[in-house]
1. For region A:683-691, in order, what is each residue's ³J(HN,Hα) by Karplus, 6.51 cos²θ - 1.76 cosθ + 1.60 with θ = phi - 60°, in whole Hz (x at glycine and Pro)?
2. Taking H placed 1.01 Å from N in the peptide plane, check which residues at least 5 places from A:Ile531 or on another chain put their amide H under 5 Å from its amide H.
3. Give me the percent of accessible area attributable to carbon and sulfur for region A:344-392, probe 1.4 angstrom.
4. Quick one: what Rg and Dmax do you get for region A:519-676 from the alpha carbons, in Å?
5. Calculate the translational D of region A:326-452 in whole µm² s⁻¹ from Stokes-Einstein, where the hydrodynamic radius comes from the Kirkwood formula applied to all Cα pairs, the temperature is 20 °C and the viscosity 1.002 mPa s.
6. Starting from the amide H of A:Ala294, placed 1.01 Å from N in the peptide plane, find each other amide H under 5 Å away whose residue is 5 or more places distant or on another chain.
7. Find the centroid of the Cα atoms in region A:464-521 and in region A:121-138, then give the distance between the two in whole Å.
8. Could you rank A:Arg429, A:Arg407 by how accessible they are, 1.4 Å probe, largest area first?
Amino acid sequence: MENINEKLLKPYDAKETEDRIYKTWENSGFFNPDNLPDERKETYTIVIPPPNVTGSLHMGHALNATIQDILIRQKRMQGYKTLWIPGTDHAGIATQNVVEKKLKKEGLSRHDLGKEKFIEKVWEWKKEYGDIILGQLKKIGASCDWSRTKFTMDEEYAEAVKTAFLHYYEKGWIYQGDRVVNWCTRCQTSLSDLELEYEDEKGKLWYIKYPIKKLTAVSDRLSAAESRELKAESFIIVATTRPETMLGDSAVAVNPKDERYKELVGKTVILPIVGREIPIVADRMIELEFGTGAVKITPAHDMLDFEIGERNNLPVYKIINQYGKMTAEAGNGYEGLSVKDAREKVVTELEELGLIEKIEDYDHRVSKCYRCGRVIEPQISKQWFLKMDELAKKAKEAVQSGEVSFRPKRWEKVYFNWMDNIKDWCISRQIWWGHKIPLEGVDDVLDTWFSSALWPFATLGWPNEESSDLKEFFPTQTLSTARDIINLWVARMIFSSYEFMGQKPFSDIVIHPTILTKDGRRMSKSLGTGIDPIGLIEKYGADATRFGLIYQMMGGQDVHFNEDAILAGKKFANKLWNISRFVLQNTDGKIKDEKLSFPNGDLTEEDKEMLKKLEDTVISVNKDMGDYRFGHALHLIYDFVWHELADKYIEYSKQNKNERTDKILLYTLAKTLALLHPFMPFITEEIWDALPKEKNSSQENNNLLIIEKWPEA
RNA sequence: GGGCGCUUGGCUCAGUGGUAGAGCGUUCGCUUCACACGCGAAAGGUCACAGGUUCGAUCCCUGUAGCGCCCACCA
């Protein structure tokens with residue numbers, strides 16, 4: 001160990017210190033629970049939400065990594081056998097897309113390479129970016145057990161995915177069916193509802209007149225007046241935002257309660273342009289208020305229409321293909337046209353036929369692929385589904401009973417809302433990068449979330465029931481994640497865990513705030529509004545960056561990120577460094593190697609006040625951390641260090657310097673370092689190293705702050 | 001259509017049923033022997049608006065407005 005004065009005389013150099021301290025921790029082996037001292041029994045486990053291997057970490061990852069590290073470090077100091085499992089996600093469509101983009105720059109498509117070569121390329125990408133991500137987590141100070149790093153396409157992990165699929169399959173919960181799915185014509189795959197993004201667009205609402213078929217056969221026997229009336233043109237008017245889909249219509253639907261159309265239900269309509277005879281049907285799902293109350297039904301290209309089609313046994317005309325082009329079934333020279341061109345042609349023809357009643361401006365929401373942004377083209381296709389009713393039931397009960405709880409609690413509403421309206425999960429994807437569906441003759445891969453759903457136990461060795469990690473560390477305790485994947489991921493982990501493990505995957509779900517720009521906009525690379533956390537670490541240090549992130553995390557659902565907070569963190573680190581210099585320069589040589597015990601004897605009012613404030617802070621910080629209120633806890637520590645310890649007591653001690661104040665300063669500093677360690681691990685460890693303290697054992701490592709006893713209330 | 005969150009000094013945000021706080025910024029003064037990444041002092045807010053409960057509300061209740069987010073099969 002360096003001489004105390006020598007070390008602390010130098011100004012604090014975050015960069016040099018952080019790299020060196022991280023190596024010290026890694027060498028100590030304490031990130032791995034198996035190496036922790038004192039034969040710890042009770043475990044505390046966190047599985048990291050695996051970042052996608054699409055690129056580097058963003059601010060949300062940095063915040064989340066910090067939160068998890070705070071939890072793990074505190075629990076480690078509290079004597080738990082702590083395990084934080086790191087890893088990455090193969091992120092099917094997202095990763096396939098970034099690799100395709102990269103190929104495109106070289107003028108290649110994935111089809112040029114072929115499946116096998118392309119997947120090789122994706123693995124190369126994974127290797128590169130997976131390592132970058134793990135390296136970035138280390139920069140942040142994450143104390144993960146790197147020896148247990150997992151990837152969702154590891155060989156053993158693939159075995160878990162296969163086992164899970166076959167389990168469901170044998171139970172009869174996986175079935176194949178024709179369904180209208182959200183189809184991305186660029187990514188060439190189906191997407192779940194959760195994978196859509198919506199955008200308001202200015203569109204039009206076309207009112208189209210569909211001629212009602214005349215009863216020519218019976219008209220002979222009618223009176224002249226009756227005949228005249230029937231021969232007069234009569235129409236039913238439908239409103240639509242997508243006139244081109246009329247080519248695939250197989251009915252017109254109205255609400256059965258709609259008085260306006262009561263007489264027309266059961267009648268036949270001649271579909272313009274196509275000439276097909278289609279029925280007018282009644283269906284309760286039709287809104288009376290929308291448009292004219294009469295709606296055209298295109299079962300092949302609209303989800304609701306598909307359902308109505310099934311209820312009324314309507315035929316399905318597939319008029320748009322997987323690339324967004326019109327099919328032969330669209331007829332009359334439409335084949336091969338884009339949807340947009342087909343729309344123009346349909347409207348022109350209808351106008352010529354005098355069948356457009358009117359056109360209104362209409363703002364509506366279009367769904368887009370969340371990966372590439374292209375407008376979704378609903379398509380009928382064969383897909384694999386997982387039955388959700390029974391799975392959802394258990395998952396819902398787990399949260400209702402409090403066995404699994406959301407923090408803050410209000411987020412359970414988002415969860416329940418989804419569970420209460422659950423639909424079967426479309427688990428097949430028509431892409432190349434992912435887990436292949438383990439059935440003969442099927443080329444589809446599984447939805448990425450199918451594998452992520454197994455994360456808490458597949459990372460611990462499942463399906464190998466004999467895995468010692470699985471026995472020892474499952475179920476885990478805390479899951480920290482972002483609110484936008486509560487249903488996409490969290491809900492699916494919960495039901496998967498009850499299904500395969502027969503118990504909950506974790507107890508607490510911590511939903512952290514979303515990091516927005518200072519003016520409340522979404523951070524995004526494409527908008528140029530993103531901030532790179534690693535850049536901040538280079539500039540201010542990891543401790544300062546962690547401080548700044550947590551300092552702003554005060555319980556709202558968003559954080560308007562302000563870099564000033566990181567600067568404040570850097571200044572705070574500097575303040576702490578100087579406080580330590582003062583304390584140690586004063587006490588060096590006099591209290592060396594003496595135990596840092598609670599100061600006894602005659603205390604002045606100032607001494608008592610100082611120790612009382614310290615105790616109050618310890619109590620409040622413990623309470624806040626138990627409630628996952630890290631921002632608040634950090635504010636308390638900050639205020640204590642700066643305004644009590646430095647502003648008051650250090651100033652007091654300058655006027656009243658003696659052995660007693662020295663002891664109190666040293667005692668207070670030691671407690672403070674321990675309390676602050678989970679938040680700012682590097683600088684606290686560095687200063688701790690310089691403290692005169694009783695050796696715990698002959699082993700150097702056992703004096704690290706990382707395993708020091710946590711200041712309990 | 002349902003649900004959620006937010007509205008406090010220039011900016012980003014804490015906070016309490018009883019005369020408003022922090023960080024950053026601003027102004028003034030300090031090279032005081034831990035720290036100029038600092039110290040001392042100062043300016044700056046009718047705590048969105050309107051009612052209600054209360055001896056008393058920024059904090060509790062109701063309503064209104066604005067901002068943001070989530071969910072849902074208005075074609």
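1. 3J(HN,Hα) across region A:683-691, in whole Hz: 5, 5, 5, 5, 5, 3, 4, 8, 5.
2. Close amide H contacts, sequence-distant or interchain: A:Met59.
3. Details: 1090 of 2560 Å².
It is 43 percent, rounded to a whole number.
4. In order Rg, Dmax, the Cα atoms of region A:519-676 give 18.5, 64 Å.
5. Details: Rh = 19.5 Å.
After rounding, the answer is 110 µm²/s.
6. Counting only residues 5 or more places away or on other chains, the set is A:Ala239.
7. 23
8. Details: A:Arg429 5, A:Arg407 75 Å².
Ranked from most to least accessible, the order is A:Arg407, A:Arg429.
The values are calculated or read from the model by the stated rules, or taken from the named source; none is laboratory data. Quick caveat: nothing in here was measured; it's all calculated off a predicted structure. When we count neighbours, we look across all protein chains shown, and the Cβ atoms used for this are built from the backbone with ideal geometry, even at glycine. Just the protein is used for accessible areas: all its heavy atoms, side chains included, with ligands, DNA and RNA removed. Shrake-Rupley method; radii C 1.70, N 1.55, O 1.52, S 1.80 Å.
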